[in-house]
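Asks: Pasting a structure here, questions to come.
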Amino acid sequence: MARSLVFFLLLLIATPAGAACSVASELCAPRSNLVYQWEYNLFPELEKTCGFRPDLKVDWSSLRPSFKELQSNASASPCEAPGKVLLELCKDRKGLSQIKTIACGYGVERKFSYKNGTLTFLFNPDSRAMNKQQGSDTDLIKAELNKLFPAPTPSPTPTPAPAAPTPVASPTPNAAQMQKQINEATVWFQTEMAKIQASTEPPTQKAEKMQKLSEEFQARMKKAQEAK
């Protein structure tokens, strides 16, 4: 009795005005299950893991009349899928906190859209061909969110300057010339590396230039050491 009362109160909160719902009706059972899954599972996990909690908006008027299917746990999947994808992606996608509302329901075809902070997902179990082509609900939502909120590109790890060989003290002119070339090569390497790191080029181009710079530095050091 207590659980039924809790479900009924949740439905009053989640059900739009004008969408009457009787606890004894067939449609209230799936509503209760869906709201319960969000209130006691996904919402707390989103707050704990992601640090934000979007609102849930369900288009009850679009729900299909196949109430037996809606009463199963899978019935809530069209609305649970966006939340599950947010849980998976939010750790490295700070921009996902811009999603303020998750709207879901049944449509003519399966559809994802995002506008002004509202993520809308419509599900149609009869669109078998399209569903098979696009994958599962979570696959479709994840692909769309990856386009809207791409993962940050990791910065390339700077290539450390190769350690200069310890010069051998020598009173000969050749030794002094070798040390001079080593010092010049080291200063050149550090200057060019600073230029690459400060540039606005893509990380891949920076990495390529750092590799070429390291190879050129090694060649100059070898030439200096071979000076007679």
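Asks: Confirm whether residue 195 is outside the structural domain of residue 86 (by TED's automatic domain parsing), at pLDDT 85 or above and in a helix (DSSP H, G or I). Talk me through it step by step, then tell me what you get.
Replies: Details: outside the structural domain of residue 86 (by TED's automatic domain parsing): yes; at pLDDT 85 or above: yes; in a helix (DSSP H, G or I): yes.
Considered against the rule, which asks whether it is outside the structural domain of residue 86 (by TED's automatic domain parsing), at pLDDT 85 or above and in a helix (DSSP H, G or I), residue 195 comes out as yes.
Asks: Now, a different point. Report yes if some residue within the stretch 163-171 is at pLDDT below 80 and surrounded by 13 or more Cβ atoms within 10 Å (Cβ to Cβ); otherwise report no.
Replies: yes
Asks: State which residue pairs qualify: first residue under 12 Å from residue 182 (Cβ atoms) and inside the stretch 207-228, second residue among the polar types (S, T, N, Q) and loosely packed, with under 11 Cβ neighbours inside 10 Å in any location, beta carbons under 8 Å apart, and separation of 6 or more residues or different chains.
Replies: Final answer for the pair search is 227/174.
Asks: Give the residues of the stretch 207-216 that are at pLDDT below 80 and in contact with a helix residue (DSSP H, G or I) (Cβ under 6 Å, 6 or more places away or on another chain), sorted by residue number.
Replies: 213
Asks: Of all residues in the stretch 98-108 being in a loop (DSSP other than H, G, I, E, B) and modelled with pLDDT of 80 or more, which is farthest from residue 141 (Cα to Cα)?
Replies: Selected residue: 100.
Asks: Sticking with this one: Within the stretch 61-78, does at least one residue satisfy the condition of being closer than 15 Å to residue 136 by Cα, surrounded by 13 or more Cβ atoms within 10 Å (Cβ to Cβ) and at pLDDT 85 or above?
Replies: no
The values are calculated or read from the model by the stated rules, or taken from the named source; none is laboratory data. Given the structure is predicted, the values throughout are model-derived calculations rather than measurements. FYI the Cβ positions are ideal-geometry reconstructions off the backbone, even for glycines, and counts take in every protein chain you see.
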